[in-house]
Amino acid sequence: MTTLSRRHLVTTAAALPALALPALPAIAGTDPIFAAIERVDATSAELNRVSHLEGELPRVDGKFAGTPEHDAWRELYDAAADEWQDAQADALATVPTSTAGALALIKCFIRHEGCFLEVNDVVVFDSLIAFLERAAAQS
């Protein structure tokens, strides 16, 4: 049995084609999952933007924490993180009504949580994506 480091597994997983696939456009008409996915992507982008603002804050004794600016940033960050978590929960609670919606939900999950997946998880998602893409092509 080969022993692989977690770093190697994550690097390998990140290189798999399924992780690089973009979300499908809203071709499924009224599938509610597309609006939920758009909200996840938008709130993720906002969280990322707010996260990067911390590096621009003034430091006291080489530290960000404890300054009024950092406290204000922390409130902004916490609010953005709460919005993103709510968006994710809503998307996961929304059942896709189309094959394209199911594909888009899987790809959204991989886009936002793929770095936390184990290699076997990625293989499962890759199989599901391939199956759903074939099903979508046949319909």
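Read-outs throughout are calculated quantities, based only on the coordinates presented, and are distinct from any laboratory measurement. What you see is a predicted model; the values in this text were computed from it and never measured. Note that each Cβ is placed from the backbone with ideal geometry, even for glycine, and that neighbours are counted across all protein chains shown.
Using only Cα atoms, locate the centre of the range 124-139 and the centre of the range 52-108, then give the distance between them in Å, rounded to an integer.
30 Å
Can you give the local net charge around Phe125? Use residues other than it whose beta-carbon is closer than 13 angstrom to its beta-carbon, Lys and Arg +1, Asp and Glu -1.
-3
Across 5 Å bins from 0, what is the distribution of all Cα-Cα pair distances for the range 34-139, in whole percents?
Reading upward from the zero bin: 2, 12, 17, 16, 15, 12, 9, 7, 5, 3, 2, 1, 0.
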